[in-house]
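**Q** Provided herewith is a single structure, encoded as structure tokens, for subsequent inquiry.
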Amino acid sequence: MTDPQHDPIAHAASALTTPDWLADAVFYQIFPERFANGDASIDPPGVVPWDAEPTRDNFFGGDFAGITAHLDHIAGLGANAIYLTPIFQADTNHRYDATDYFAIDPRLGDLEAFRTFLAEAHARGIRVVLDAVFNHCGEGHPAFRDVMAHEASSPYVNWFSVEGFPVVQHPEPNYRTCSGCWYLPKWNAYNPEVREHHLRVATHWLAEGIDGWRLDVPYFINHSFWREFRRVVKDAAPEAYIVAEEWRDPLEWLDGSLADGTMNYTLRDAVLGFTADGARTAPEVAATMNALGERLPAPARRAMLNLLGSHDTERVLTRHGGDRRRAQLAYALLFAAEGAPMVYYGDEVGLLGDNDPGCRGAMPWDESRWDRELLEAVRGWAQWRASEPAARRGRAEWFAEGDDVLGVVRRLGDREVAVVVNRGAEAAVADAPVSDGRVEVPAAGSVVLVRGRQG
């Protein structure tokens, strides 16, 4: 028998608890500035037309009134959770440069607009997760401006890591930043006052009714802070979701003291390597995903945030070179996988865009521009997942048949279901590890759903 004290995975499995609702969750990610403009009276100066090309500097006028007005689209897609990129007062369109963590950015609306959105989302059974950007703030934050103005005599001088005075921003900042960006000064998370500020932010918005936090670049902050963050969050809201941004190995975040799950870029890389790039074979993907599943603590499997695209990547259809059929294969695997699937706004209707800023274009609300076939495919998989307990809560096993046929079996009790995709040019027969046995997989690009027999 494995000794949990000497096996890190077994120990994590015994220490980690995650919210039960995540097993049934389907997430929809929104970049608020680009989703919908519902209140033109708060548009920033110089707002561009809704169909303009996105840049890193322009504003389209997206706001909370717009999100609220289109909640039925999100619910109709089958999503029951929303992840919002930053919403707090800031100077940029992406708002990862907060200047006041306790205030809604006025270009999105006021606190009442946020509360209306949250209430309407909750009324539809949709949870809301916010972005926790605690590694850095904006250079316009009053604390950092005070350091610039008063230098060593500022009461906030140790809230940041400034090498000397005067504070120099160009051509190279003389203070620590996020990834060298002069306008993103890095918080000194070792300072008790900074930690207290961040924890107050966390509990403040939980008290407003949000359902969790996504941790932005958490790997740039010491684990001791995140341990304290988890304790405070879970004390305030035991069912709150904490999900860490992690592009590589998720295991360090899943020992029971940090996050519930991570953004599953391992899955994204494996699936898109298979469906979009042809760089990975079916056996390679199956081996990668089965190995990940074995390494993850059991409670974390349902808490992984599975994605194909986000505000930090090229869009799904763009990655597939506009090939809708291959994109549909990726979505089939996304919804079949263990963990919570997430759809990035606009991907469900075929919005195109390269990586930032191209992936942050405005959501097209002219339905004549929508890719209806792709939309119905995404809706269909969400509906299937909602109707099939094994697809939400069953243990996953990935399998392959040759290089081009890839499948996922989900098992729950005596119920088993499988999704099989074929990227090849010919029809194939898959030896699916389910009670129905071998499965005929139709012509290239097809997806077969197999319902295993109940005992």
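**Q** Among the residues in the stretch 201-220, are any surrounded by fewer than 15 Cβ atoms within 10 Å (Cβ to Cβ) and either more than 29 Å from residue 306 (Cα to Cα) or without any contact (Cβ under 8 Å) to a residue 24 or more places away in the chain (or both)?
**A** Taking every residue of the stretch 201-220 in turn, none turns out to be surrounded by fewer than 15 Cβ atoms within 10 Å (Cβ to Cβ) and either more than 29 Å from residue 306 (Cα to Cα) or without any contact (Cβ under 8 Å) to a residue 24 or more places away in the chain (or both).
**Q** Are any of the residues in the stretch 34-49 touching a helix residue (DSSP H, G or I) at 6+ places or on another chain (Cβ under 6 Å), outside any loop (DSSP other than H, G, I, E, B) and under 24 Å from residue 197 (Cα atoms)? If you could, list the steps in order and put the result at the bottom.
**A** First pass over the stretch 34-49, keeping only residues touching a helix residue (DSSP H, G or I) at 6+ places or on another chain (Cβ under 6 Å): 34-39.
This time we only want the ones that are outside any loop (DSSP other than H, G, I, E, B), so: 34.
Retained after the next criterion (residues that are under 24 Å from residue 197 (Cα atoms)): none.
Within the stretch 34-49, not a single residue is touching a helix residue (DSSP H, G or I) at 6+ places or on another chain (Cβ under 6 Å), outside any loop (DSSP other than H, G, I, E, B) and under 24 Å from residue 197 (Cα atoms).
**Q** Which condition number in (1) free of Cβ contacts under 8 Å to residues at least 24 places away in the same chain; (2) assigned to a strand (DSSP E or B); (3) aromatic (Phe, Trp, Tyr) is the one that residue 165 fails?
**A** Among (1) free of Cβ contacts under 8 Å to residues at least 24 places away in the same chain; (2) assigned to a strand (DSSP E or B); (3) aromatic (Phe, Trp, Tyr), residue 165 violates only (2).
**Q** Hey, another quick one. Return the total of residues in the stretch 166-185 being surrounded by 14 or more Cβ atoms within 10 Å (Cβ to Cβ), in contact with a helix residue (DSSP H, G or I) (Cβ under 9 Å, 6 or more places away or on another chain) and closer than 15 Å to residue 146 by Cα.
**A** 4
**Q** Restricting to the stretch 88-138, what's the tally of residues that are part of a helix (DSSP H, G or I) and either within 18 Å of the chain's Cα centre (by Cα) or small (Gly, Ala, Ser) (or both)?
**A** Of all residues in the stretch 88-138, those part of a helix (DSSP H, G or I) come to 111-123.
Now restrict to residues that are either within 18 Å of the chain's Cα centre (by Cα) or small (Gly, Ala, Ser) (or both): 113, 119, 121, 123.
Qualifying residue count for the region: 4.
**Q** While we're on this one: How many residues are in a loop (DSSP other than H, G, I, E, B) and in contact with a Leu (Cβ under 9 Å, 6 or more places away or on another chain) if we restrict to the stretch 422-445?
**A** 2
**Q** Mind checking which residues of the stretch 136-151 are among the small types (Gly, Ala, Ser) and touching a residue at least 24 places away in the same chain (Cβ under 8 Å)?
**A** Of everything in the stretch 136-151, those that are among the small types (Gly, Ala, Ser) and touching a residue at least 24 places away in the same chain (Cβ under 8 Å) turn out to be 138, 140.
**Q** Looking only at the stretch 139-155, which residues are assigned to a helix (DSSP H, G or I) and surrounded by 13 or more Cβ atoms within 10 Å (Cβ to Cβ)?
**A** We begin by selecting, within the stretch 139-155, every residue assigned to a helix (DSSP H, G or I); these are 142-153.
Matches in the stretch 139-155: 143, 144, 145, 146, 147, 148, 150, 151.
**Q** Across the stretch 384-421, which residue is nearest to residue 447 (Cα to Cα) among those that are over 25 Å from the mean Cα position of the chain (by Cα) and not in a strand (DSSP E or B)?
**A** Looking at residues that are over 25 Å from the mean Cα position of the chain (by Cα) and not in a strand (DSSP E or B), I get 404.
**Q** Could you go through the stretch 52-59 and let me know if any residue there is buried (at least 24 other Cβ atoms within 10 Å of the Cβ), in a loop (DSSP other than H, G, I, E, B) and at pLDDT 95 or above.
**A** For the stretch 52-59, residues buried (at least 24 other Cβ atoms within 10 Å of the Cβ), in a loop (DSSP other than H, G, I, E, B) and at pLDDT 95 or above: absent.
**Q** Looking at the stretch 278-309, which of its residues are touching a helix residue (DSSP H, G or I) at 6+ places or on another chain (Cβ under 8 Å) and either in a loop (DSSP other than H, G, I, E, B) or not assigned by TED's automatic domain parsing to the domain that holds residue 348 (or both)?
**A** Those that are touching a helix residue (DSSP H, G or I) at 6+ places or on another chain (Cβ under 8 Å) and either in a loop (DSSP other than H, G, I, E, B) or not assigned by TED's automatic domain parsing to the domain that holds residue 348 (or both): 279, 280, 281, 296, 297, 302, 303, 304, 308, 309.
**Q** Let me ask another. Kindly provide the set of residues from the stretch 181-190 that are under 13 Å from residue 139 (Cα atoms) and free of Cβ contacts under 8 Å to residues at least 60 places away in the same chain, ordered by number.
**A** Matches in the stretch 181-190: 181, 182, 185, 186, 187.
**Q** If you go through the stretch 401-416 one residue at a time, do you hit one that is assigned by TED's automatic domain parsing to the domain that holds residue 282 and in contact with a strand residue (DSSP E or B) (Cβ under 9 Å, 6 or more places away or on another chain)?
**A** No: the stretch 401-416 contains no residue that is assigned by TED's automatic domain parsing to the domain that holds residue 282 and in contact with a strand residue (DSSP E or B) (Cβ under 9 Å, 6 or more places away or on another chain).
**Q** Right, something else. Keeping to the stretch 366-383, report how many residues are over 20 Å from residue 326 (Cβ atoms) and part of a helix (DSSP H, G or I).
**A** 4
**Q** Between a residue in the stretch 60-78 that is in contact (Cβ under 8 Å) with a residue 60 or more places away in the chain and any residue that is assigned to a helix (DSSP H, G or I) and small (Gly, Ala, Ser), which pairs come within a Cβ distance under 6 Å, given they are 6 or more apart or on different chains?
**A** Hits for this filter: 78/382.
**Q** Still on this structure, please answer the following. Are any residues in the stretch 234-245 in a helix (DSSP H, G or I) and either surrounded by 22 or more Cβ atoms within 10 Å (Cβ to Cβ) or under 14 Å from the mean Cα position of the chain (by Cα) (or both), and if so, which ones?
**A** none
The values are calculated or read from the model by the stated rules, or taken from the named source; none is laboratory data. This structure is a prediction, so every number in the text was calculated from the model and none was measured. For neighbour counting, all protein chains shown are included, and Cβ atoms are generated from backbone atoms with ideal geometry for every residue, glycine included.
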